[in-house]
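For reference, the structure discussed in these notes is given below.
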Amino acid sequence: MLLIAIEEHGNIHRAAESLAMSQPAASKLLKDLEDLIGVPLFERLPRGMRATWYGESMIRHARIALSSLGEAGAEIEALKAGHAGQVSIGAIAGPAMTLVPPALARLDREHPDLRISVLMESSDVLLEQLSQNRLDLMVGRLFARHDKRNLHYEPVAEEEVCAIARPGHPLLSKRKPTLAELAKLPWVVPPEGSVLRHRFELMFQNAGLQAPRKVTATAALVLLPRLLEDGERLAVVPVDVARYYVAHGMVGIVPIDLSCRMDSFGFITRTDWLLSPGARTVLDTLKAVAVQVYPAARAGPRRG
């Protein structure tokens, strides 16, 4: 700032005044800088000072540095206001399809400088990522087996599941297929060990039926329409996922109520880790959109 002021005023006395410094302090600062660099930065003239070649180079870089510092200050103010920064969120399949997209659309409009990454996975995987600080927040479930000591859980909605089939599947035209009919068909199901897979099989067992034996296990929801495209396969998925595929004409929902419902899901954050302003902005936006997407969404926080 002193170098630029001397160039602009051509006089160290007026330069010092413009920076609210004393002239001796300004002179000492300039001499210390010249001693440090080892070259004169200004020619001392009878009526003022003029930058040397070395001084002109330093002044040019000083202007660049001050401009960059000004931008840094503006960026910090944006970060403090939650308008900028990097935020990583995770979501299970249902809300990843219905809640996250409209929330991201709103964030794009209102906070275009926020950089957001999204991971869609099971709650177990997301909780592990959250514990390792690879996620700022997640939308998922907490079960009894999970360590909840450093977690805050705010419920959003319950998640129903349904059976889907390719367009034109014979079961779609039946008024009400039976569970026994469904048990005889091939299925696309979640992988072994998942909660939905366990409850899916338990649903048949509780009805005195053998669970479907011909199954294709996958967690890749993007494959479902293709896997159902040929043959008589059915798939068990969250209703939100099914509605998305139905809206795009890729599947139909089989007209039967499945009892293998899932637990409620909600927003999960860490109590031992402070959310950045950007992450807080994303969470607040997700909450606001959730009230519209899930009419029964509750606003009050609850620890889980």
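Numerical summary
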item	result
1.4 Å probe accessible area per residue over the stretch 187-262, in Å²	53 Å²
Among Val161, Val222, Val241: highest mean-square fluctuation, GNM of the chain, C-alpha pairs under 10 Å	Val222
Degrees between helix 23-37 axis and first principal axis of the chain (Cα, 0 to 90, nearest 10)	70 degrees
Amide proton proximity set for Val156, modelled H, under 5 Å, gap of 5+	Phe265, Gly266, Phe267
Under Karplus coefficients 6.51, -1.76 and 1.60, residue-wise ³J(HN,Hα) of the stretch 223-238 in Hz, glycine/proline x	7, 3, x, 6, 5, 8, 4, 10, x, 10, 4, 10, 9, 9, 9, x
Long-range HN-HN contacts of Cys162 with modeled amide H, under 5 Å	Val237, Val239
Gap separating the Cα centres of the stretch 150-214 and the stretch 60-138, nearest whole Å	35 Å
Packing-based order for 2-12, 131-141, using average beta carbon neighbours within 10 Å, highest first	131-141, 2-12
Among [x] 31.3, 106; [y] 21.3, 80; [z] 33.0, 108, the entry that matches Rg and Dmax of the Cα atoms in Å as calculated here	[x]
Förster-model FRET efficiency, 51 Å R0, Lys148 and Gln23, C-beta, rounded to 0.05	0.20
Tyr294, Tyr244, reordered so the largest accessible area comes first (probe 1.4 Å)	Tyr244, Tyr294
Probe 1.4 Å, protein heavy atoms only - accessible area per residue of the stretch 1-124 in square angstrom	60 Å²
Accessible area in the full protein assembly, largest first, 1.4 Å probe, for Lys287, Lys28	Lys28, Lys287
Whether the stretch 96-187 is rounded, prolate or oblate, judged on the alpha carbon gyration tensor where a/c under 1.5 counts as rounded	oblate
Of Pro191, Pro155, Pro24, the one that fluctuates the most in a GNM where the chain has Cα springs shorter than 10 Å	Pro24
For Met49, residues with placed amide H under 5 Å, excluding near neighbours	Asn11
All lysines inside 30 Å of Lys148 as judged from Cα atoms, apart from same-chain residues fewer than 8 positions distant	Lys80, Lys287
Sequence of Phe143, Phe265 from largest to smallest accessible area, 1.4 Å probe	Phe143, Phe265
0 to 90° range, to nearest 10: angle between helix 195-206 axis and the chain longest Cα axis	10 degrees
Portion, in percent, of the accessible area of the chain that falls on carbon or sulfur, probe 1.4 Å	54 percent
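The values are calculated or read from the model by the stated rules, or taken from the named source; none is laboratory data. Please read all numbers here as calculations on a predicted model, not as lab measurements. Using ideal geometry, Cβ is built from the backbone for each residue, glycine included, and neighbour counts are taken over all protein chains shown. These accessible areas exclude ligands, DNA and RNA; they are computed on the full protein's heavy atoms, side chains included. Shrake-Rupley method; radii C 1.70, N 1.55, O 1.52, S 1.80 Å.
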